[in-house]
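Structure first, then comments.
Read-outs: derived from the displayed coordinates by stated rules, not from any lab. Only a predicted model underlies this, so the values are computations on that prediction, with no experimental measurement involved. Cβ placement follows ideal geometry from the backbone for every residue including glycine, while neighbour counts extend to all protein chains displayed.
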Amino acid sequence: MDPIVWKEEYNIGIPQIDKQHRKLVSLINHLSQAEMNGGMVSYVFDDLDLYVKEHFRAEEELLRAFEYPDFEAHKQEHRTFEGWLSAVRQSFNLGGSSAHLIAQSMNAYLRNWLINHILESDMAYRDTLTVSKNKK
């Protein structure tokens with residue numbers, strides 16, 4: 001798959017969150033590269049675990065602090081992602097599927113997550129956070 005190129009319109013206007021989102025794009029691109037070259041993808045699990053812990057915690061703290069009205073639904077999307085990651089990692093560790101098939105599945109899911117979560121769900125809170133930030 002072609003690498004994802006970060007575009008300015010992906011920024012939500014919160015530097016910490018934008019930086020973390022760029023990190024996810026980088027992880028997806030590394031996974032794509034490893035998949036194309038037949039490389040190992042096991043390292044991606046650790047990187048994704050770290051991303052999830054740091055990013056979801058930071059984002060949820062912000063949303064809670066700014067009393068984002070759809071906080072619970074947004075948090076549930078994060079828990080769904082964590083469940084997916086755990087299930088894929090468990091499958092990989094059991095060795096039931098090839099690393100290549102798991103890499104393909106992960107790549108497709110992460111690209112879909114990028115489009116549907118970051119570019120839709122996260123954009124939905126942009127105005128709440130940036131308007132509230134500017135009032136303070």
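What to note about this one:
- Dipole axis of the chain (+1 Lys, Arg; -1 Asp, Glu on Cβ), positive-most option in S32, F81, W6: W6
- Ranked list, fewest to most other Cβ atoms within 10 Å of each Cβ, for V52, V25, V5: V5, V52, V25
- Cα-projected label distance for L119 with F71, points at 7 Å along beta-carbon direction, nm: 2.9
- Efficiency of FRET between M1 and N93 - r from beta-carbon atoms, R0 22 angstrom, step 0.05: 0.35
- Lys, Arg +1 and Asp, Glu -1 on Cβ, resulting dipole of the chain about Cα centre, debye, nearest 20: 220
- Rounded to two decimals, the Cα-based Rg/Rh of the chain, with Kirkwood Rh, is 1.00.
- Residue among G13, G83, G95 with the largest mean-square fluctuation in a Gaussian network model of the chain, springs linking Cα atoms under 10 Å: G95
- When the Cα positions of A58, A103, F92 are compared along the charge dipole of the chain, A58 comes out farthest toward the positive end, with charges on each C-beta of Lys, Arg, Asp and Glu.
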